[in-house]
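Nothing in this text is a laboratory measurement; each read-out follows from the coordinates by a stated rule. A quick note: this is a predicted structure, and the numbers were derived from the prediction, not measured. All Cβ positions, glycine included, derive from the backbone under ideal geometry; neighbour counts span all protein chains shown.
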Amino acid sequence: MLDLCVTIKGVSFLLQTGLGFLGNTLVLLAYTQVVYSEYRLQPVDIILCHLAFVDLLLLLTRCVPQTMTVFGLRDLLNDPGCKVVIYTYRIARALSVCITCMLSVFQAVTIAPAGGPCLSRLKARLPRLIVPTIAGLWLFNMAVCFAAPLFSIAPRNGTVPAFTLNLGFCHVDFRDRLSYKINGVVVSTRDFVFVGLMLWSSGYILLLLHRHSRQVRSIRRSSQGGGAETRAAKTVITLVVLYVVFFGIDNIIWIYMLTVDKVSPVVADMKIFFSSCYACLSPFFIISSNKKVKSKLVCVAADQEQPSVDTQDSNDKM
C-alpha cells in the first residue's frame, strides 16, 4: 500500500512537471517567433510571456526536485543549494500571483470607457509602464522573500524539528513559533492583497462586458479591435478564476499548517501539488484562447512537417 501511494504521488508530480514544462515552453517559443517576425511584443503579450517564464521557473525549482525526491533520490542539494532553490521558488510563486493580478488590472484599464483626463493619461502611458512595473514587482518580491534563504537547509538525519516545513529535498526550519507565524502572515497578507486586487479588477471587467452585451447585440460587429479586446478580457477572467481556485485550496492547507507545530509530509505534498497546478494548466488556456500564440505554434509545426513532405514527394518521383 505504501509503495502504491508513493507511485501515485510520484506519477502525479511527474505529469504535472512534464505538462507544465511543455505548456510554458510552447508559450515562450510562440512569443519568440512573434519577436522574430514582428520585432516587438504588445503590452499584453509581454505580460503573458513573463507569466509563462515565472511559471516555468516555479516548476523547475519546486516540482522537479520534489519529483526526484519522491522517486527515491536523496541528498539532492546542500545548504547553499537549498537556499538558492527555495528563494528562487518563493520569488517565482509570488510573481505568478503578481503578474496575473497585473494582467487583470491592465485589461480592466484597457477596456474601461473613456473617462476623465486622469484615465486618458493613464491609458496613454500604460504600455510604457509594463516593463518598469514588472521590474518593480521583481524587486518587491525579492525583498519580501528574503527570509526564505535564511531558514532553508538541507535535510538532516533524524526527526524533523517543530516549526519546520519538510519539503523532502530541503527543510525550511523557522526555529521558533514566532518566526514561523510571522513568515506565514507576511506571505499570506501579500498574496491576499494581490488576489483581492485581481478579483476587483476582474469583477470590473465582467461588469463592462455585461454592459457591452446589453448595449450591443454583437460586440464583434463593432470593430476588430473591440473583438480582440473582448477575447483578451475573457482569457484574463479564465486565468483569474483558475488562479483563485487553486489559491483557495493552497491557502486552506497553508492556514492549517500554521496552526500545527509539525506538518505531515502528506499535507506538505498536497500544498506543493495544488500550489503548482496553476503554473501547469495556465499555459494551455493561453494557447487555446490566444490566436497569436496558436498561429505561431501551428506555423512551427507546419515548418517541421514540410521537410518530411518534400522528402516523400521526391521519393515518389523516383
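Numerical summary
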{"read-out": "Within region 140-170, backbone nitrogen closer than 13 Å to the virtual label 7 Å beyond the Cα of D75 toward Cβ", "value": "155-157"}
{"read-out": "Mean separation of Cα contacts under 8 Å, 6 or more apart, over the residue count of region 2-306: relative contact order %", "value": "26"}
{"read-out": "Cα-based radius of gyration of region 2-306 once divided by 2.2 N^0.38 Å, which approximates compact folds", "value": "1.09"}
{"read-out": "Normalised per residue, the volume of the convex hull around the Cα set of region 42-138 (Å³)", "value": "90"}
{"read-out": "Set of lysines with alpha-carbon distance to K294 below 25 Å, sequence-local pairs under 8 removed", "value": "K234"}
{"read-out": "Computed over region 56-196: relative contact order in percent, which uses C-alpha pairs under 8 Å that are six or more apart", "value": "32"}
{"read-out": "Peptides 237-244, 119-126 ordered by average Cβ neighbours within 10 Å, highest first", "value": "237-244, 119-126"}
